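What follows is a set of notes on a single structure, which appears directly below.
The numbers here are math on the coordinates, done by the rules we state, and not lab data. Predicted model only: the values in this text are computed from it and were never measured.
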Amino acid sequence: MTILTGAWNKATPETIQNCFKKAGICSEAQANAIHDLDNPFLSLSKETQSLREAYPEAVPANVNADDVIGIHDSVSTSYPPC
């Protein structure tokens, strides 16, 4: 753990941002993923409604797909620009 901590402490913010960029984890990539046709969340609204119709007690009327997708928004994360 000492070696790992020492190595991590030597990583600069620029190095971390470059790693995020290389991996495609950035604010632009995140925005593109939301509108991507391969986005698994595109069908979430329909699936949520189907579940609500089949099992009303499982999905309250005030819960929608945006609520489910936005759950992580309360967690403080920020991606570097691409």
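Here are some notes:
- Residue separation of ALA61 and ALA7 scaled by 0.36 nm, minus their Cα-Cα distance, works out to 14.5 nm of gained length.
- The length gained by stretching the chain between GLU14 and ALA54 to full extension, at 0.36 nm per residue less their Cα-Cα distance, is 9.4 nm.
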